[in-house]
Amino acid sequence: MISVPFAYFNGADGCGWARKRRPDMKNTMLQWLQTVAPGDFTHPGAPRRVEFLPREDIVELQAVSASLRIVADGMACRYKLSGNGKRAILGHLFAGDICNLQAAVLKKNHHPVMALTVCKVVEIPRTEIESILQERPDIALIMMSSLARDQLIAQEWHLNIGRRSSDKQLAHLFCELRKRMEMAGMASGSEFHLPLTQEELGETLGISTVHVNRVFQSLRRQSLLRLEGKHIYIPDLDRLEAFAEFDSGYLDELFAPRPERGQGRRAQH
C-alpha cells in the first residue's frame with residue numbers, strides 16, 4: 001500500500017486519472033469523486049488516496065471499518081477462504097465500485113478485497129460517512145444504487161454457477177467482464193485485457209484450473225473467443241452472448257442524480 005498526494009489522482013482541473021477515460025462514460029460514483037476536495041470534509045487529510053499493488057489486500061478480513069474505500073482506477077475482487085484455505089472469489093470491482101459499503105453500518109469487514117491490478121483507491125473516514133449521507137442525499141442514492149447492483153450481480157452469479165454448464169458459465173463470465181470493463185472505461189468493442197489467472201477464474205466459477213483450461217479450449221474450438229496472452233478477443237459478440245444466455249440488463253446503470261461541482265459540505269455553508 002502506497003499513500004500518494006491528492007494531486008496524483010485529481011489534477012488542478014479536478015479530473016486527474018478520470019481524464020483518460022472515455023468522454024461518454026457514465027458512472028455516478030466516479031463523477032462524484034471528481035468533484036470532492038479536502039475542503040469538503042471535516043476530518044484532517046480526507047479524502048486520502050492510496051495505491052495498492054496486485055494481489056495486495058485493499059480491505060482485510062475482520063479489520064475495523066475505519067474508512068469507506070472506493071476503487072478509482074484498476075480492478076479488484078472480493079473473496080473468502082474456506083476452512084481448508086481454498087479461496088472463492090465473490091465479486092469483481094472496477095472504477096467507481098465501493099469495496100466495503102458495509103463500513104457505513106458495520107464495525108468490521110466481513111470479507112477481504114484484493115487488488116487484481118494496480119489499484120488507486122479513495123478512502124473516506126467512517127466519521128465522515130454519516131454526515132455525507134445526511135447532507136448529500138444524492139450520494140446516499142448512489143450508494144444505494146451500488147448496493148442494489150451488487151445484489152443483482154450476485155443473483156446472476158448464483159444462476160450461472162448453479163444452473164449452467166461449465167462452458168456457458170465461463171462464456172457468461174467473459175460477457176459480464178467485458179461489459180463491466182466497458183462501463184468503467186477499461187475496454188472497447190469486443191476485446192479486453194484479462195487480469196485474472198486461470199486459477200482465479202476457477203475460484204470465481206468453483207471449478208478446477210484444469211477444467212478452466214479445457215473449457216477455454218472448447219470455446220476456442222467453437223470460435224466463440226480467442227485468448228492471446230492476457231487479451232480476450234471475441235469474434236462475434238452477439239453469438240457469444242446468445243451462447244452464454246447473457247442479458248446485460250442487470251448491469252445497466254441504476255438511477256442516481258449527477259452530483260454537481262460545488263455541492264461539497266463547505267460549499268453549502
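Values in this text are rule-based calculations from the coordinates and carry no lab data. Computed from a prediction, not measured in an experiment: that's the story for all the values here. Neighbour counts run over all protein chains shown; Cβ positions are idealised from the backbone, glycine included.
How large, in Å, is region 125-171 by the Kirkwood hydrodynamic radius built from its alpha-carbon pairs? Kindly include the intermediate steps, with their values, before the conclusion.
Details: mean 1/r = 0.0773 Å⁻¹.
Mean inverse Cα-Cα distance, inverted, gives 12.9 Å.
Would you mind computing Rg(Cα) / (2.2 N^0.38 Å) for region 173-218, counting N as its residues? Write out the running numbers ahead of the final one.
Details: Rg = 11.6 Å, N = 46, 2.2 N^0.38 = 9.4 Å.
Rounded to two decimals, the normalised Rg is 1.23.
In a shell of Cβ-Cβ distance under 10 Å around I232, excluding I232 itself, what net charge do Lys and Arg (+1) and Asp and Glu (-1) give?
Neighbour charge sum, excluding I232 itself: +1.
Based on Cα coordinates alone, diagonalise the gyration tensor for region 104-237, multiply each eigenvalue by 5, take square roots, and list the semi-axes in whole Å, largest first. Provide the component values of the computation, followed by the final result.
On the way: eigenvalues 225, 55, 43 Å².
In descending order, the three semi-axes are 34, 17, 15 Å.
Scan region 95-141 for trypsin sites (Lys or Arg not before Pro) in coil per DSSP, keeping those whose Cβ has at most 14 other Cβ atoms within 10 Å, and list them by number. Intermediate values should be presented prior to the final figure.
Working: sites: K107, K108, K120, R126; in loops: K107.
Sparse-neighbourhood loop trypsin sites (Lys or Arg not before Pro): K107.
Please compute one quarter of the surface area of the Cα convex hull for region 53-104 and express it in square nanometres.
Details: hull surface 15.8 nm².
Result: a mean projected hull area of 4.0 nm².
In region 138-179, what trypsin sites (Lys or Arg not before Pro) fall in a loop by DSSP, with at most 13 other Cβ atoms inside 10 Å? Walk me through the numbers before you get to the answer.
Numbers: sites: R149, R163, R164, K168, R178, K179; in loops: R164.
Taking region 138-179 and a limit of 13 other Cβ atoms within 10 Å, no loop trypsin sites (Lys or Arg not before Pro) are found.
Specify, per residue and in Å³, the volume enclosed by the convex hull of the alpha carbon atoms belonging to region 165-244. Spell out each step's value before the answer.
Details: hull volume 6.6 nm³, N = 80.
In region 165-244, the Cα hull volume divided by residue count equals 82 Å³.
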